[in-house]
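Encoded as structure tokens, the structure appears first; notes follow it.
The values are calculated or read from the model by the stated rules, or taken from the named source; none is laboratory data. Because the structure is a prediction, the values reported are computed rather than measured. In this analysis, Cβ positions are derived from the backbone assuming ideal geometry, glycine residues included, and neighbour counts consider all displayed protein chains.
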Amino acid sequence: MTHDDAVAAVRQSKQVNKSNRKRHHSVLDDPNHETEVSSHSVTQPNKINERYTILLKDGVTTATIYPISSPLDIPVGLLHFLCDEYNMEIERGETLPFFDPLTLDQFVDHWFASFVGIMCLGDDPVLNGKQDEKSWENECLGIFSIKPNYPGRRCSHICTAEFLVNAGIRGKGIGRTLTDCFLQWAPKLGYTYATFNLVFESNAAARKLWESLNFKRAGKIKSAAYVKNFDQPVDAIIYGRELADKTVAESSAYRFDKIKYYLETGKYPATADRQEKARLRAGAMHYSLSNGKLMLKGKEVVSDSDQQLRICFDLHRNNGHLGINKTTTQVAEKYHWPRIKETVGVVIKECEKCNRLQKGVGDDNNGGQVGFELAQLDSDRPQISEYIQAVVSEVQQVHREGYRQTYAEVAASSGPSLPIADSYLSDEDTESDIIRPRVRTYERR
């Protein structure tokens, strides 16, 4: 039996058995099927019909992500290619919980139990067009799925997702594009929160991507998986974040790409409606192109998150490891993207030199000594919450004794001495009869 015959047999068996057994994806395979809605489809009141077209990093190539609700909606050759790609990832043994490859039927059951997005080159209106002429190893860039994370209706607003990028084109930003589309489509399917349950700690690329998109670590599973090339089982991290509709928080990268595409070609994206075209024309009036770069008021518009981080890191490192405000000002003088300060904050938090200074590891320059003194000061000083509580308690005590002393005065008189500040004080300034009279008391009236 050929591969095409196998796929045809799988499809025929699904049609025959659909009425005789309950399937997780039965409602999606047949939208007109009037059986009881399963727990895997209760969160999908809206169906996504519009495809997602984007300009890739090279500024020339166009790609489209197609919404798919059933394996019957895609060409047989593409289905077989995706199954092979997934089995190759399983055999790598680094990212997936599966150990043995999946059959075509198992692959369909696993991936098409719910909603799927498939990314291919070009901007054809339908994925099935000219399918016999397609070389899917070159045409298909990736795939992702969206499905409920838990059974039942009570938690049906929480989804999870799975992503697969063509092994031959990894490192080109395809994974991030798939994730951007997922973050826009998941709310339209009724979900309000996304959880990734099993991200292996050894999968550095996935962890970097999720954290750059504001996914937070919700937990850790110790010794969760036996991964290839590791002697001991590795931990798995659980990531989660709230979802917002595109009308509330549209992906800035996608918006900039549409403006650049419009300025370069004079054409609208294939999916743009009348309102979006009007917004695009109005927005493009403020932008221009210079040597292939999108510019806003003389500043280069940077949409790629990795490039944003590199810019902030270089300016932070080359200008003396300044603080978040001064570094943000320097970045904003030449570049533009939303929430620059948040990106600078991530860079400073990950800066090894700044971390050494904070921890008190001195360098040869004066900055190391300052970092040491600040760290020493923090170790001698009570925790903030305890310190404030002590000040409040002392103020309450003097109030009971008939005096009215301010919080600031009590803090100044009872707080720890500052080694750095003391080095700037003369002997005259440290006399007790000069310092103490600054703390005033008032009789209660």
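The residue pairs whose first member lies in region 217-230 and is on the phi < 0 side of the Ramachandran plot, whose second member is loosely packed, with under 11 Cβ neighbours inside 10 Å, and whose beta carbons are closer than 9 Å, counting only pairs six or more residues apart or on different chains, are Tyr226/Phe99; Tyr226/Gln232. Looking only at region 283-325, residues that are closer than 23 Å to Thr61 by Cβ and hydrophobic (A, V, I, L, M, F, W, C) come to 6 in all. In region 93-100, is there at least one residue being modelled with pLDDT of 90 or more, among the polar types (S, T, N, Q) and surrounded by fewer than 18 Cβ atoms within 10 Å (Cβ to Cβ)? Scanning region 93-100 turns up no residue that is modelled with pLDDT of 90 or more, among the polar types (S, T, N, Q) and surrounded by fewer than 18 Cβ atoms within 10 Å (Cβ to Cβ). Within region 183-208, residues that are surrounded by 16 or more Cβ atoms within 10 Å (Cβ to Cβ) have Cβ atoms under 8 Å from residues that are aromatic (Phe, Trp, Tyr) and assigned to a loop (DSSP other than H, G, I, E, B) in these pairs: Ala194/Phe215; Phe196/Phe215; Ser202/Phe230, counting only partners at least 6 apart in sequence or on another chain. Reported count of residues in region 336-359, each being farther than 20 Å from Asn214 by Cα and of a type in the set (S, T, N, Q), is 2.
Only one of the numbered conditions (1) touching a Phe, Trp or Tyr at 6+ places or on another chain (Cβ under 7 Å); (2) surrounded by fewer than 21 Cβ atoms within 10 Å (Cβ to Cβ); (3) aromatic (Phe, Trp, Tyr) is violated by Phe144, and that is (2).
Collect the residues in region 104-138 that are in contact with a Cys (Cβ under 6 Å, 6 or more places away or on another chain) and either loosely packed, with under 14 Cβ neighbours inside 10 Å or free of Cβ contacts under 8 Å to residues at least 60 places away in the same chain (or both), keeping them in residue-number order. Residues satisfying the conditions are Phe107, Cys120.
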